Every structure is written in C-alpha cells, then in structure tokens.
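Read the figures in this text as sums done on the coordinates, not as results from a lab. As the structure is a prediction and not an experimental result, all values here were calculated from the model. Methodologically, a virtual Cβ is constructed for each residue, glycine included, from the backbone with ideal geometry; neighbour enumeration extends over all protein chains shown.
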Amino acid sequence: MSADPLQQEGALGTRAASGVAWLAAQKWVVRAFGFATLLVLTRELSPREFGVVAAALTVIPMIYLLADLGFSTYLLQAGELDQRSLSTALWASTAAGLVLSGGLVAVAPLLATAFALPELVDVLRALVLAVVPTVLAGVPLALLRRAMEFRTVALQGLVAALLAQGVAVVVAVLGGGVWALVSQVVVGQWVIAVLAWRRARWRPSLTLSPAEFRQMATFGARVSAVDLVATSRMWAEGWIITVALGPTAFGFLSIAQRLVQTAQELTAASLVPVSTVMFAKVRSSSERLRRSYSKAMGIGYAVVAPFMCGIVVTAPVLVPALFGPQWRDSAAPAQALAVAGIITLGAMVDHGLFYGMGRPGTWLAYAVLVDAATVATTAVAVRGGLVGVAAGFVLVALGATAARWVLVGRVLGMRVGTVARPFGTVLLPAAGSLGAGLLTMNLVEPIDSSWWQAVLGGLVVVITHLALLRVVGAGIQRDILSILPVPDRITRPIRTALRLRSADA
C-alpha cells in the first residue's frame, strides 16, 4: 500500500526544512568567523590588493564552470544513476579541468594586459591550484545532496571555511599581501574535496558510457551556458570598472559586494541548493510545485529583507567601523547593492525552480538578456563612479524581476500577481523598517559612537520589520518558524498565536 501523498509531502518538506536549517547554521558560523577574518584582512591589505584578487576571481569561476560541464547539476535532478554515469561525469570533468587549467596558465599574461594589472599573472596562475579540487568534488557533493545529506555538506563547508580563513589570517599577518586571499581560496577548495570524497564512499571505475555522456552534455551545456553567461558578466563588469576607475575602486566595490553577499548567504542563500532538489522531487505534481514555490519565495523575501534594509540604514557608519576609515567609499555602493538584493532575491529561488524542473534552457534565455543589460548599463553608469555603477544594478534588478514574474507565471500556470504576491507582502514591512531605521540614525547622529548608531539602527529595522510582517504576513512567519531548528514546544505557542491573528484578520 502506497503512502499518503500528503504524508510524503510532509516528510519531504521536513527533510528540506532540515537541509535549509543546517545550511543556514553553517553559513552563520562561517560568516561570523569570516567577518572576523575580513576585519583582519582589510587592515593588513590595501584596497588595491583586494582589487587585484577580485579581478582574478572574475576569471577563475569561468574555469570552474567550463570544467564541470554542468554535470554536477545534471546528477542532482537525474532520475536514476549507475556507476557508469557517475564515472563518466567524473572523468570527463576532470579532463576538462586539467586542459583548462593549462590554458589559463598560458593566457594569464594576456588577461593581465587586458586589466592593466601586471601582478595579475602570478595570482591567476596560483589560483589554478583551486581548479582541480573543485572539479574533483563535483560528483561526491552531488551524491550527498541527492541523498539530502545537507547536514554533512554543511559541516564539511564549515570545516573548510574555518581552516581556509585561519590560513589567510596567518599569511596576512606575516605580510603576505594578496597571497592571503589566494591561499584562502585554494585551501578551502582542497579541504572540501577531501572531506566530500571521504563521506560519499563512492569510487569511480574505468567503465564509461558515451550515451550517458551525450545525455549529460546536452543538459549540462545549457546549465554551463547559464553560469558562463553570469561569470562572463562578472568578468566584463570587473574589466570595465578596473579600466575606467582603477583597481582601488574595484577593491571598494568588492568589499561592498562581500557585505551584501554575506547578508544573503546568512539568510536566503541556504534555500537554493535545497530548492533545486525539492522542486525536482515534486515537479510531477503541478499543485505541489506551485505550493512549494510560493512557500520558498515568501520565506526568502521575509528573511532577507530586514538584513538588506539594515545595510541600507547603517552602511555609512557600519562600513568604516568594521573595516576601517580607508574603506568609507564602500558604503554608498553597499547601500545600492542592498536595495538590489531585496529586489532580486526571487532569482535565487527561480534558479532552483527551473533547474529542478529540468528546464535550464529557459533560464539560459532569461540570463542572457538580463546579464547583457547589466553589462550595458555598467558601461554607461561607470561615468558616475561607483555610486553610478551600483545604481545601475538597481535599475536592471527592477526590470529583470518584472520579466521573471511573467516567465515563472507562464511556466507554473500562475497569474503574475500571484507570483509577485510574496514580494508585495514584504514590501510594506521593508519600507516601514527603512523609514524607522533612517529616522533613528538621524536622531542619534550627534552621539559620537558609530557602533552605537549601527546597533541601534539595525535593531529598529529588525523590530519594525517583524512587527509589520506579523500584520500583513502571518502565514509567512509560520512558515519561517516551521524550518527553524528549535524544539516544537517553543515554537508551537507562537505559531498558534499567528494562526489566531490570521483568522481574526
């Protein structure tokens, strides 16, 4: 006798919620230590040195993606896998990684010339050491995620990050300059690869399947194309900014991006790897797929918005307080990027939706248009400096989000207004918390303590956001409570109160 579909959905939802919780916990710990590491690095390294490594890191992801061939994503959503399929994926991506690594070593001088950064040659060649472990980890990590062993993946990422950050701090304190950042990347990738192989308990064979390779390549080409478009956009933006404004300006922007990305990774980024697997498992039922999508989107917007609003409110005092006064020029770009982060949050979930549904080609078409618009806007907006570039990101985010709502509505058979509802629900709490936070910052401005201003402004943002969300989005708050790794006896009274509040409304 088959299990009740609702029970199956509940069990799957519980595993997905557990995965989100573990990945979120891992990111919180990693970012807590990572911020401490960044505080050391920003005082030991100059904005130019950050800019040089940031320029290199616009190139390295391309090598990762081309070497992976999209096979690791294919393995996540494939129905059945055997030893030949897994071995074919591993050996093909490893061979591609070795060839591309050799090619990068050869063309490094040309890339350095394009960026007008002679020191970029050695940095690029050193970062090749991170390519091989990244490729080797693809299959074992895919196996762990297919099995929804997100706790294991989270703990492995935590160990790798802490070791890499420790090495980076030691190298920086010893005067290693850019090599502190390079060593952090290389060490982290090798530790992840070793731990993934040890846990997966899978070993490849020499039995390869040309038929499986063609099937994986057809799917993977679309996946790789999507990611390659994104990394090409990153490279183009980095090149435009470095050439037009210099590596120091790119260093300022990289710190602003790190601040915003940290907030994203501490919140909704944990939904992405889980949502891809989740959507793949429920895609046979349109109703379950729509329900899972709306829930994931509501949680994502509600969780990320107060963090982004906090950055908008506190960045002018928070950035110099955290990183030192020499990084003050990173504050305004961070504010604009935070606004764009709220608007584009849905793209993270939609990425998992289209991949989980096995439709990377649709997402590719969307990504090409959006990233082309981003590069074109950056080329024009760079005349306004870093603030102009960041403002351009906001404009593109608005247009891209509207287009994405239409696209998702067609794919899921939902009205555009229904797709946009989670964003609209969180819009009022976000606007209210921004207003309350900015007012608070102005009132306490005479106080000679940047930390006091930042903490107070941030608290006002969070409290205001939670209060307003309780009024307009009690259902979203219940969904958030359902994925928290907190005993049910603690969250049950809160969920009951929210349910009663929703019924009264």
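Assorted remarks:
- As a rough footprinting exposure proxy, the listed residues R203, R146 were ranked by other beta carbons within 10 Å of their own, and the order from fewest upward is R203, R146.
- Coarse-grained scattering of region 109-152 at q = 0.16, 0.30 Å⁻¹, given as base-10 log I(q)/I(0) from a Debye sum over alpha-carbon atoms: -0.58, -0.96
- Region 15-220, relative contact order [Cα under 8 Å, separation at least 6], %: 35 percent
- With the simple model of a label 7 Å out from the Cα in the direction of the Cβ, V416 to L208 spans 4.8 nm.
- Simple label model, 7 Å out from Cα along Cβ direction - V107 to A372, nm: 2.1 nm
- Within region 15-220, the percentage of alpha carbon pairs spaced more than 30 angstrom apart rounds to 28%.
- When E212, E80 are sorted by how many other C-beta atoms sit within 10 angstrom of their C-beta, beginning with the fewest, the order is E80, E212.
- Distance from region 307-374 to region 80-155 (C-alpha centre basis), Å: 25 Å
- Order of H465, H351 under a 10 Å beta carbon neighbour criterion, fewest first: H351, H465
- Converting the Cα gyration tensor eigenvalues of region 145-263 into ellipsoid dimensions via √(5λ) gives semi-axes, longest first, of 32, 24, 13 Å.
- Under the criterion of Cα pairs below 8 Å and six or more residues apart, the relative contact order for region 124-223 equals 36 percent.
- Set against the 2.2 N^0.38 Å expectation for a compact globular protein, region 114-212 has a Cα radius of gyration ratio of 1.31.
- Around I240: net Lys/Arg minus Asp/Glu count, Cβ-Cβ under 12 Å: +1
- Taking label positions 7 Å along the Cα-Cβ direction at both L398 and L163, the computed distance is 4.7 nm, reported to one decimal.
- Model label zone, Q261; criterion: amide N under 20 Å from point 7 Å along Cα-to-beta-carbon; scope region 291-306: 304-305
- Unit Cα scatterers, Debye sum, region 246-472: log10 I(q)/I(0) for q = 0.07, 0.13, 0.14, 0.18 Å⁻¹: -0.24, -0.80, -0.91, -1.32
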